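Structure record follows, encoded as structure tokens.
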Amino acid sequence: MSTRISPPPTAGPGSAAAFFAGTTFDARPARACHGLVRRMPEGLTADRIAERLAAAQESGALPADLRLWVEDVATAAADPASEALRVREASRATRHDGRLRAVLLSYADGVVDLVLVAHRRAADSAGLDLVGRILAGAADDTERLTLPGDLPRHTAADAAPPAWGMGDPRRTGVTGAVRIGPVAIAPQSAAPVLLAATALLLARYADRDRTVGLLAVDRADRDRFAAVDLPVDDGTPLVDLVRHAENALASAAPVSADRPVPAVGIVVLSEQDEGYRPFLELPFPVTFTWDPRRDGTHVGRLDYDEAALHPEAAEQLARHVGRLTALVGAKPDDAFGDRTPVSGDVELMTDEERAALLDLGRPQPAPLRPATTVHAAFARRAAERPGATALSDATRELTYAQLDEAATRMSAALAERGAGPGTFVGVCMDRDTDLVVTLLAVLKTGAAYVPMDPRYPVERLRYTTEDAGLRLVVTTLDEFPAADGVTAVHPGALTGSTAATPAPADDPDAPAYVIYTSGSTGKPKGVVVPHRNVGALMAATTEDMRLGPDDVWTLFHSSSFDFSVWEIWGCLLTGGHLVVVPYWVSRSPEEFHALLVQRRVTVLSQTPSAFASLRDVHLNQQQSLALRLVVFGGEPLDVRSLELWFRREPHDRCRLVNMFGITETTVHVTTSTVTPVEVAAGSRSVGTALPGWTLSVRDARGRVQPLGVPGEIYVGGAGVADRYLNRPELTAERFVDDRLTGERAYRSGDLGRLRPGGRLDHLGRIDDQVKVRGFRIELGEIRSVLLDDPTVSAGAVVLNQGDGDAAGVRLDAYVVLRPSGSVAEVRRRLREVLPEHMVPATLTAVPGIPLTVNGKVDRAKLPEPDQLPAAEAATGAAPAAEEGAPAQEGLADVVLRAWRATLGPEVGPDDDFFDLGGNSLLAVRLSAALRREGLQSVPLRDLYLQPTAARLAEHLTARQAAEAGTGRP
Amino acid sequence: MRLSQKTALVTGAARGLGRACALRFAEEGADLVLLDVAADIADVPYPLGTPDQLEATARLCRERGASVLAARADVRQQKDVDAVVADALDRFGRIDVLVNNAGIAAPSGKAVHEITEDEWGVMLDVDLSGAWRTIKAVVPSMAKQRSGSIVNISSTAGLVGYRYFAGYVAAKHGLIGLTRAAALDYAALQIRVNALCPGQVREEPTLEGRMLSEVARSLGVAPEDQETAFLESQPMNALVNPEDVSSAALWLASDDARQVTGSVVTVDGGFSTR
Ligand SMILES: NC(=O)c1ccc[n+]([C@@H]2O[C@H](COP(=O)([O-])OP(=O)(O)OC[C@H]3O[C@@H](n4cnc5c(N)ncnc54)[C@H](O)[C@@H]3O)[C@@H](O)[C@H]2O)c1
């Protein structure tokens, strides 16, 4: 691809562009052409044929302007060089104005072939046949070549390539071919059977676009490219399929210029059509051509453009189409006995195919390491390098020996209070060194820890305590919500025990921790993860990431989020130094960046959205980071956000690894190193399974999905958790014995697709998949299109059930607009990209997307959608700014204006930041808005402590007064 | 095969460098349109190509697997050139490459003031205006395709002066100017236009070329002496071979040169750098 530096000449007078303004670019003249190769009767020389032509022109049977080109071929007819020439001649499009071309190939051995090629406007297939017969002397005198009627154009744009094809847009125009069959089909029903099989395949591949292109030569109207819609879903009885196909064929609509050419199409030839080439260039990006053979079978050929299909996807597709065609073409009872089979019953794959796909999701064998407990593994590190720094925060630093000793001492005190094997101990503490000591101490007693964020609402803390049946909670909260039989103890009270330390329990299968997750439905549930899983996670990553004693890690995340498991034990089990990041620092990208610089952190774990803020800070600063590894987790990574980062930090100095994971499978599942190559490709891949982990993609019935076809991600292997605590039904539903692999697997509820090479694309949550007016829609897909809009900084799409009646179901979209954005513009761009049924019914600008504690969209806090189209004119600009500043503007007004610009025009001085949907990102934005208003930088901590505009204004007034008093600027 | 699925039109294809290019293109998979006057021209004091030579080039191309359309036309006649191009589009559907090779080396051998109106006229008409006419004829179809490569065979005489060859030198200089201007006119349409400047080319019997001997004759020397005289001024101490020229033409014609337009490629063993 070339980059244009200066603009192309405009179509001004005298320019070449003006000269050729009338010559439209026609990239695919061959698509509208068809051809015929006919061997001439023996002894018929080129001269004789020319005489025939003259006579036919004389009589008016053939047009006077038809020319006959004679090509003397240096080789005999059967020579490969002649064959190459023949193919070349028959695939040569006519010139742009579309005529009929007749070429005689006169071979060295006297054999003569007639090659006819015509634009469909110049001759239809019957016309080609007639010209061939006239020149061969096989027509009767009354036949005349007539111009075909008004034929549709075949130059319309292609439909979007199928998502399951995994094609590479950079390979546009590169074609491949795969053979299919032979398959037995009764000849008179070939077209409906092939159509039915193709539609069935698209349904099973869950393609959004089910239109099949068709060029059926055995139909009366054999020159018309048709677009056929044949509705098939999983419940369609197979017996009805062919009949439906017959009906659909009868009402097929011709492909016209205003309708894109379907991405997938079939061409059905008839037996009389030897030598006929219905197209010279793929009529559809994915084209099946079926040729009847004398023995009653059909052989198929899949021709494809690599922009639409990955070659491996093409091989797979050819196999599946072959199978489905045989199945649909056979009498139904042959394949299914006396059941009435429906489309969903059809098995796409053979056992070998399935086994190969399962192997793809199991890339390397699990490394052999004896299973161990977390605290035993820690004890080994402590014994190896007792004097090395293990843990620090702003005020304190502990060596491995000191940490071990402190935890051992505390474990005795905990044991005294009942902690021990088989028990669960709650830990509800802010992030500091004590937290880590406490977690290790709990493990040393043989108990499992149940982390709780002290910032959670009281209700949530009480719920967790009760649900987990906790008896003992270590907490720094003064008032831990009281519950019957629960002892809350301050960690400070656990230091002075003189009791004997309990003998270390060392059962790798015992639970190490219970972390609560909330699904999109239902109450939070505790995931019980055994020690051996943490060991397996370290075995899977240590070598690849070269984790070791020189590394400095951060503990950035709440202990109630399992990313912290990776941070704490990833560091301490590989001998690194864990720097605890206090809560306030973790909320401020500036302060956190300063900490990374100062503590020379080498291994950083971040969610992509937190990293985005950090990146912005870093790019505006000169200080260099010691980072050598960044691990992304917790939410989908949009690699495009890393482009600027790579300009500053080359990927060979600091490696970026994207990991998809789930609490139920021990933090991580897959790993994918992101380099500028992935960024340029806009890759959505989360990579391959970790060694020891396995993954596969399944349909609703648990069957393995073909490559490229979306389905539910199943995770098996070393990371699968024990169970949901006290939830046997839910456990049975999600942690299943996989009959296909014989192992235990976790059904993630996440949607994914497997790519060649075993790489996984993560496509969002299955709950995100909704049905609107019969269309299956991925909300995530719409959201991603929203976010592609440069004027949109955040967005959410939700399903609105209306008043219960199916017609009222609609999609509502919410966007946070950048100052330059407008709802109308965003909507216009959505319309350009999305099919009609995916364009949300309403689009509403909001100051921020409210999130739940777990970082998911909080639907309850979203406002009523704006009614359309009145709202289309609304913009995200702060209306307060338009009102004009009052003459005597006080600090309170300025602060309120910044609040309104960030959180919405209705905000009052006493509205609480968090009630308004405030979160850390909005806090950063608010802080920026305050700076723009000319206020001094407001630490984020102040925003959290003064959560209303009025209180913040008061606080700032007090601060200004204090500073004036001390004479500071 | 660097020109597979492409059609190339070569002018002056009956013999010499035109034939060399045609054969080379055929080997690389191209189909060929061969254009030549295949007749003598008044005022040109030596025999030009013949119908037999044109037919021989066609046969040699077919032996290399090409389909061929051979046509007689004089590049001095726009309507003759147009007719060949129209036939070529009927026959092959498209023209991807045009090599403007037809050219004459004489009448020459006179100082500027001695050249007659007719001598001057025929030289510019063939060597410069001929290329302009074929470009006019092929460009509309190339514009529709949004692709095309035009190679103008100029000469070292397009870069430096030669004594007693003013008409030839002026025409070949002019051809480079035409190349540069056309490159700009058509860049936006993805049509590339380049000039190729061969030095003195060795005469190879199978190609039946006449240029070297005609230059020698115009100067009144024996061809062997002319060759020796040239060798002495060649930094690489060898005359250019026809395949050196056809290789360069192939490169300019092919997609390998997709970013090359308006350039002047010399294949002269270093002659013009002295
Ligand atoms: N041979 C060299 O040393 C040399 C060096 C530099 C440049 N060139 C250039 O290369 C080109 C080919 O040279 P060559 O050595 O093959 O010459 P050549 O004389 O052997 O062949 C030239 C061909 O062009 C044809 N021709 C001449 N006038 C024509 C016209 N008006 N219309 C159509 N066809 C016409 C002739 O019939 C002949 O077949 C010429 O443009 C020449 O100026 C040649």
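Within a straight-line Cα-Cα reach of under 15 Å, A:K523 can be paired with the following aspartates and glutamates, leaving aside sequence neighbours fewer than 8 residues apart in one chain: A:E459, A:E466, A:D467, A:E729, A:D858. Note on A:A401 and B:K110: the model spin-label points, each 7 Å out from Cα along the C-beta direction, lie 11.0 nm apart. Under a 5 Å amide H cut-off, with hydrogens placed 1.01 Å from N, A:L472 pairs with A:G426, A:T487 among residues at least 5 apart or on other chains.
For segment A:740-770 and segment B:100-129, what is the centre-to-centre distance using only Cα atoms, to the nearest Å? Their Cα centres are 77 Å away from one another. Counting only residues at least eight positions apart within a chain, or on another chain, the aspartates and glutamates with an alpha carbon under 16 Å from that of A:K444 are A:D404, A:E405, A:E416, A:D434, A:D506, A:D507, A:D509.
Do the sum for the protein assembly as shown: with -39,500 (n - 2.57) for every DSSP H run of n ≥ 4, divided by all residues, what is the mean residue ellipticity at 222 nm, to the nearest 500 deg cm²/dmol?
Values: 36 runs with 412 residues, N = 1243.
Dividing the helical sum by the residues of the protein assembly as shown leaves -10000 deg cm²/dmol.
Listed by chain and number, the aspartates and glutamates whose alpha-carbon sits under 12 Å from that of A:K861, ignoring those within fewer than 8 places in the same chain, are A:D915. Of the whole protein surface, A:F646 contributes about 20 Å² of accessible area at a 1.4 Å probe radius.
Residue separation times 0.36 nm, minus the C-alpha to C-alpha distance between A:D240 and A:D65: what's the value? Numbers along the way, then the final one.
Details: separation 175, 0.36 × 175 = 63.00 nm, distance 5.08 nm.
This chain segment gains 57.9 nm when fully extended.
Annotation: A:F592 carries an accessible surface of approximately 0 Å², with a 1.4 Å probe and no ligand, DNA or RNA atoms counted. The accessible-area ordering, largest first, of the residues A:T671, A:T554, B:T206 stands as B:T206, A:T671, A:T554, per a 1.4 angstrom probe. Neighbouring Cβ atoms from other chains, within 10 Å of the Cβ of residues in A:624-633, number 0 on average. Identify which of B:K79, B:K172, B:K144 has the largest mean-square fluctuation in a Gaussian network model of chain B, with springs joining Cα atoms closer than 10 Å. Result: B:K144 has the largest fluctuation of those listed.
Proximity of backbone amide H atoms, modeled 1.01 Å from N, is registered between A:Y276 and A:V37 at under 5 Å, excluding neighbours fewer than 5 places apart on the same chain. Using the Cβ-Cβ distance between B:L231 and B:Y46 with R0 set to 25 Å, the FRET efficiency works out to roughly 0.60.
For the protein assembly as shown, carbon and sulfur atoms together expose 51% of the accessible surface, with a 1.4 angstrom probe and every protein chain in place.
Please give the total accessible area that chains B and A bury against each other, computed with a 1.4 Å probe and expressed in Å² to the nearest 100. Show your work: numbers first, answer last.
Details: alone 11670 and 43210 Å², together 52490 Å².
Its buried surface, counting both partners, is about 2400 Å².
What is the average number of partner chain Cβ atoms found within 10 Å of a Cβ in B:90-96?
Details: counts 8, 8, 8, 13, 6, 1, 0.
Taking the mean over all residues of the peptide, I get 6.
Suppose every Lys and Arg Cβ carries +1 and every Asp and Glu Cβ carries -1, with no other charges. What dipole size does segment A:29-136 come out with about its Cα centre, to the nearest 20 debye?
It comes to approximately 520 debye.
Close amide H partners of A:D393, meaning residues 5 or more places away or on another chain with modelled amide H under 5 Å apart, are A:V580. Within segment B:76-124, the proportion of Cα pairs with more than 14 Å between them is 66 percent. Note on chain B: GNM, Cα springs under 10 Å; of B:P51, B:P242, B:P107, the largest mean-square fluctuation is that of B:P51.
Per 0.36 nm of contour for each residue apart, how much would the distance between A:A626 and A:R701 grow if the chain were fully extended, relative to their Cα-Cα spacing? Please list the in-between numbers first.
On the way: separation 75, 0.36 × 75 = 27.00 nm, distance 4.86 nm.
Taking A:A626 through A:R701 to full extension adds about 22.1 nm, to one decimal.
Assuming a ≥ b ≥ c are the square roots of the Cα gyration tensor eigenvalues, decide whether the protein assembly as shown counts as rounded (a/c under 1.5), prolate (otherwise, with a/b larger than b/c) or oblate. Verdict is prolate for the protein assembly as shown. Can you compute the modelled spin-label distance between A:R385 and A:D509, with each label point 7 Å from Cα toward Cβ, in nm? That separation, rounded to one decimal, is 3.4 nm. By a 1.4 Å probe calculation restricted to protein chains, A:S558 has an accessible surface near 20 Å², given to the nearest 10.
Multiplying the residue separation of A:A355 and A:E315 by 0.36 nm and removing their Cα-Cα distance gives an extension gain of 12.8 nm.
Of the peptides A:67-73, B:34-40, how do they stack up when ordered by the mean number of other Cβ atoms within 10 Å, highest first? Each step should come with its number before you reach the end.
On the way: A:67-73: 17.6, B:34-40: 23.0.
Taking the mean over residues of other Cβ atoms within 10 Å, the ranking is B:34-40, A:67-73.
I'd like the distance between the alpha-carbon centres of segment A:536-614 and segment A:269-309, rounded to an integer number of Å. Rounded to whole Å, the Cα centres lie 57 Å apart.
Once the Cβ-Cβ distance between B:D87 and A:E83 is put in as r, and R0 is 25 Å, what FRET efficiency do you end up with, to the nearest 0.05? Efficiency at R0 = 25 Å is approximately 0.45.
Structure remark: mean-square fluctuation, Gaussian network model of chain B, C-alpha springs under 10 Å; the largest value among B:R91, B:R192, B:R72 belongs to B:R91. Between A:F646 and B:A181, the simple spin-label model (points 7 angstrom out along Cα→Cβ) gives 4.6 nm. Per-residue shielding of B:184-191, expressed as the average number of other chain Cβ atoms within 10 Å of the residue Cβ, stands at 5.
Output the pairs from B:K6/B:K172; B:K144/B:K172; B:K79/B:K144; B:K79/B:K110 with a Cα-Cα distance over 25 Å in this structure; if there are none, say none.
In this structure, B:K6/B:K172; B:K144/B:K172; B:K79/B:K110 lie more than 25 Å apart at Cα.
Heavy atoms of the protein chains alone define the surface here; on that basis segment A:612-667 has 43 Å² accessible area per residue at 1.4 Å probe size.
The values are calculated or read from the model by the stated rules, or taken from the named source; none is laboratory data. Everything numeric in this text was worked out from a predicted model, so none of it was measured. Positions of Cβ are backbone-derived with ideal geometry, glycine not excepted, and every protein chain shown enters the neighbour counts. Remember, those area values only see protein heavy atoms, side chains included, never the ligands or the DNA or RNA. Shrake-Rupley method; radii C 1.70, N 1.55, O 1.52, S 1.80 Å.
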